[in-house]
Amino acid sequence: MIWERLDRGVANYEWLARFPTGRIKHLNSLTSDHKPILLSLDVYGEHKQWNRKPFRFKAMWVSDSRCRDVVIRAWDCTPDGTPMFATASKLKRCKQHLKV
């Protein structure tokens, strides 16, 4: 028997702007092969919202001879997980190496 998580949550930009701290949690089910999902909107601000600036790639990095090596090293890994998770992990590594 193969078990896969088929339940997903999808949101557009307007929904995310309205509920920036919204979270989806997969719950366990004892009677079904599907997992119920719990949507938490946190309308009362119970979850702490991070006010960090998003990472931006700076065009000036391309002119630096070390940039290519940094990107190659950051992408030289094979994380376990879905292709989307692997890509996100590689981008995160790239961000960490470029910010140094």
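Label separation (residue 29 vs residue 86): 2.9 nm, computed from points 7 Å beyond Cα along the C-beta direction. Taking 25 Å as the straight-line reach from the Cα of residue 90, the lysines in range (excluding those fewer than 8 positions away in the same chain) are 25, 53, 58, 99. A simple spin-label model places pseudo-atoms 7 Å from Cα toward Cβ; at residue 58 and residue 40 they are separated by 3.7 nm. Each listed q (0.35 Å⁻¹) maps to a log10 I(q)/I(0) for the range 59-99, found by the Debye formula over equal Cα scatterers with no solvent: -1.16.
Where a number appears in this text, it was derived from the coordinates with a stated rule and is not lab data. Computed from a predicted structure; not experimentally measured. As a convention, Cβ positions derive from the backbone with ideal geometry for all residues, glycine included, and neighbour counts pool all protein chains shown.
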